[in-house]
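First the structure, in the form of structure tokens, and then the observations on it.
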Amino acid sequence: MSDTLTATAVLEEPGAAAEPMVNDLTIHVATVNGSGSQSSNNVLMRSIFQMGVPVSGKNMFPSNIAGLPTWFTIRANKDGWIARKKEVDLMVCMNAQTARDDVDALLPGALCIYDAPLGCKSWRSDINFYEVPFAKLAAELSTDSRMRKLLTNMIYVGIVAELIGIERDEILAAITKQFKGKQKAIDPNVAAIDKGVEYAKANLPRQNRWRIERMNKTAGKIIIDGNAAAAIGAMFGGVTVVTWYPITPSSSLCESLIDYCRRFRIEKDGRANFAIVQAEDELAAVGMVLGAGWAGARSMTSTAGPGVSLMAEFIGLGYYAELPGVIWDIQRVGPSTGLPTRTAQGDVNQVAYLSHGDTQHIVLIPSSVKECFEFASEALDLAEIFQTPVFCLSDLDLGMNNWMSEPFDYPTEPIRRGKVLSAEQLAQLGGKWGRYNDVDGDGIPYRTLPGTDHPDAAYFTRGSGHDAFARYSERPDDYKNNLDRIARKFETAKQYVPKPVIDQRDGAKIGFIAYGTTDFPLEESRHQLSAERGIETSYLRLRALPLTDEVAQFVAKHDRIYVVEQNRDGQMADILRLHLGEEQRKLRKILHYTGLPCDARSITEAVVKMEASAEYPEMLLVVRADPPKKRVTTTVAQTIARGAED
Amino acid sequence: MAESTLKTTAEAPKENRLGLKATDYSGGKSTLCAGCGHDAISNQIIRAFYEMSVSPERVAKFSGIGCSSKTPAYFLSRSHGFNAVHGRMPAVATGAILANHKILAIGVSGDGDTASIGLGQFMHMVRRNMPVIYIIENNGVYGLTKGQFSATADEGSKLKTGVINDLPPMDLCALAVELGCGYVARGFAGDPKQMVNILKGAIAHNGTSVIDVISPCVTFNNHEGSTKSYPYAKEHDELLHQIGFVQSYEQIEIEYEPGTMKEVTLHDGSRILLKKLEEDYDPTSAIDALQRLHRANTAGQMLTGLVYLQPEKKSFIDLLNVVDEPLNLLPIERTRPPKEALDKIMTELM
């Protein structure tokens, strides 16, 4: 790897004296899935967080319960850059299946802690190796084999802590939090930490290249994953009916919601003011959501791409019959037997136009855990206001990984429930109303709910075969009026959806457009382009479909627009092309699709290349970031291991 | 005698207890073929809801896709209706009931809609015991797509085109019993008196009621060689019992020979009276029900009546332990936890 541009991983000769890199490193831990390393990794991450250093944790796990390789990457960065970074500074090798590849991928000068039997140190001479006899140390702690396995993971936390300077008190605090104050679990884990610390002190050479030092950039902040954030948002947004079907990486959203609702949504008499139901499949899950929305509940489901595919027919009915409901799509790679535990932004086109006929949907795209929280409630509002299915497009990286955030703000705005006529209002109208009558000119008609106690409340819900008064009709004009009005509704939605966030730089010729989790590496890449190359860029972060007027205005102000996204085909770029007309010639695509989160360096390199070369005409360009490397091995484990270094 | 109870339901007054007329329960004009069994069922639905004095505003009608699924437009115009997608009305009805468990849900499906594409959802609705009156208008063919066999067509049954069905039929009543449904009945569109009492019992039942109604398709499945035709059904109809229904507020003196009458009290206090035609049949025994269904199927009989009754089983709404008010109408003051709750969560995450 010849990453001469990398500011954070300057090449050095091993052993050479160097200024310590303070609060800027990436720790990569390779373990076997099911070995219980998750707790240890969380403790490691949280203890850095508690030292005031901005941090992120990414779990890269296989589609497997136990046995296949898994990695956890912690990035600590004093400047708050918490996107994925490709370069590993401190490697912890605990998995024989991947150790060779894990070591091969390191940059010269990196630190590598490894389990003694792996014998890594003979493989390379340009790495600072730290051999640790984990089995022997664990045996000193416990006679129970299962316990030894778990404590082994905590021992490496102690080793890492001692090597890079994480304070013991913070580790203890993190352990207490991890094990929810249960002393029985805390004590052996603390003993394991101390075992690691003692061993490192007595046996391992000190290093001064990467250090964690106390700072104050995380005070008052929280750590949470996007799925839990969305669950909390939905709960405070007054969701009442939730129906779902398990699918990675979305399951934890509804599972969190169940946990939180059981804590905070049980009334004094012990009864629930919500209904959360595990459906028999995604078809039923979305059918229940729409049935509940039709009957006036704030309803939602969560799923991933394959689930969205199954929901397609119902979503079409929801669009035409004008039924509210919220669908969280936690995007991931490929079909069911793709890489279900890897991230992507590959469902953009699918959700934008899901179903038969002329359909286009309102889509909210959170970029942070805070927006997951906020959009969860906002989506419920929009679904009811527009009487239509509304998507929230998250992804595995945002949904399942740990993110640092400002605490969420308690919602002060009242919820918006749209145009629903009560029995009293119907009485005032003398019972004269039309379910699909656009009396306000915004395309949004009034509806009534089943159970409304007025003889004229009822109407018959069916797809598009009806007139403005919900009477069955196959008349061409009725059908066309219906379709045109629904399109008008989508037009109205532009005034309601979250506006893009724009950072306009004076004189910048280059503009970026991105969305979702691409935001994190993109902001870092802009910093790299500015600091390393003096290239100033503007940035528009999309937060919703339909696209609003700000997008075209932004494009007009720049010569070249780089659309950065995590899919192969440039799905959002295509939607932008349709939207922009003549101006689409300015668009260039940067596409990252390895299953791993996009990183800043890949974007920076792509931009530099595309800006410098005359080979790229002023038209749609594609530079695919992270080109696949040559494969020399073909076993499953090794193939997955390759993914780790890509 | 059982006849006395049958008499009370037959004596329909001009207004029901809500002061509504039978016409207040009518629907739009049917667009089905003249003589369609489905229309006969719609008429009995109107009658049952009227005579039971159910407020039509409280009712929500659901259906899937097919001829049968069009019928909710032909009864109870004052009730909200929802014509959903093929085979997946149970999900829509389930969602609506979760949103408002005060509504009285009636679903009308067909054998194509339920026994093929909708089999999964049908079974899970029954398994959950969602409070839905689920009617299968069973004619053994796909009518709306012009006469293909459905999965309830009998083995050896002949299509108009001469095609013979060589696959065994599904018995949706047996399936419902197997899944623990608390109210399973089979009716015949040509027997309105039995039909209306089955429906009344279903209205009073708490939980899923599965009512499989043999409803001949006069256009595509009423010919010789069909086992779902009017003549065939009339000839092979095997009555399990005569059914009487007594509403909770009615006081009826019943005299009957000991052992010839079975009485079951339903959720709302109403009573189902079954005059036994078979001495050894117990409709509250799932094993008896399955045995009798299998025997009838083997003998080529069309068993009608209340096949299985188990009114005590908890409905899904009971199990959810939700608040008494419909969830859809809860104000945000109740569904949004206080600021202290968010503060607590945030502190935990710090």
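The values are calculated or read from the model by the stated rules, or taken from the named source; none is laboratory data. None of these values were measured; they are calculated from a predicted model. Here the Cβ positions follow ideal geometry from the backbone for every residue, glycine too, while neighbour counts run over all protein chains shown.
Points to keep in mind about this one:
- A:A493 satisfies every condition listed in (1) under 18 Å from A:V326 (Cβ atoms); (2) in contact with a strand residue (DSSP E or B) (Cβ under 8 Å, 6 or more places away or on another chain); (3) within 14 Å of another protein chain (Cβ to nearest Cβ) except (3).
- Looking across A:A468, A:A423, one residue alone is among the small types (G, A, S) and at the interface with chain B (Cβ under 10 Å from one of its Cβ atoms). It is A:A423.
- Filter pass, A:R271 being within 24 Å of A:G291 (Cβ to Cβ), over 21 Å from the mean Cα position of the chain (by Cα) and either of a type outside the set (V, I, T) or not assigned by TED's automatic domain parsing to the domain that holds A:F391 (or both): yes
- Criterion violated by B:A341 - all others in (1) surrounded by fewer than 17 Cβ atoms within 10 Å (Cβ to Cβ); (2) in contact with a helix residue (DSSP H, G or I) (Cβ under 9 Å, 6 or more places away or on another chain); (3) of a type in the set (A, V, I, L, M) satisfied: (1)
- If you go through region A:319-336 and keep only what is more than 10 Å from chain B (Cβ to nearest Cβ), within 27 Å of A:S367 (Cα to Cα) and over 18 Å from the mean Cα position of the chain (by Cα), you end up with A:Y319, A:P324, A:P335, A:S336.
- Residues of region A:272-313 that turn out to be at the interface with another protein chain (Cβ under 10 Å from one of its Cβ atoms), over 24 Å from A:R416 (Cβ atoms) and either of a type in the set (D, E, K, R) or in a helix (DSSP H, G or I) (or both), as a count: 7
- Residue match in region B:136-145 (condition: under 30 Å from B:N197 (Cβ atoms) and at pLDDT 95 or above): yes
- Test for A:E532: is it more than 26 Å from A:I362 (Cβ to Cβ), acidic (D, E), out of contact with any strand residue (DSSP E or B) (no Cβ under 6 Å at 6 or more places or on another chain) and in a helix (DSSP H, G or I): yes
- A count restricted to region A:579-609 and to residues that are in contact with a helix residue (DSSP H, G or I) (Cβ under 8 Å, 6 or more places away or on another chain) and part of a helix (DSSP H, G or I) stands at 12.
- Of the residues contained in region A:235-245, none is found to be without any contact (Cβ under 8 Å) to a residue 24 or more places away in the chain and not in a strand (DSSP E or B).
- Residues of region A:25-51 that turn out to be part of a strand (DSSP E or B) and hydrophobic (A, V, I, L, M, F, W, C), as a count: 5
- Condition broken by B:I317, with the remaining ones in (1) touching a residue at least 12 places away in the same chain (Cβ under 8 Å); (2) more than 14 Å from chain A (Cβ to nearest Cβ); (3) surrounded by 13 or more Cβ atoms within 10 Å (Cβ to Cβ) satisfied: (2)
- Strands (runs of 3 or more DSSP E) fully within region B:40-150 counting 3 or more residues that are within 10 Å of chain A (Cβ to nearest Cβ): B:59-63, B:80-83
- Number of the exception - A:A468 against (1) in a loop (DSSP other than H, G, I, E, B); (2) surrounded by fewer than 19 Cβ atoms within 10 Å (Cβ to Cβ); (3) free of Cβ contacts under 8 Å to residues at least 24 places away in the same chain: (3)
- Matching residues, region B:298-310, being within 18 Å of B:F188 (Cα to Cα) and surrounded by 17 or more Cβ atoms within 10 Å (Cβ to Cβ): B:M302, B:L303, B:T304, B:G305, B:L306, B:V307, B:Y308
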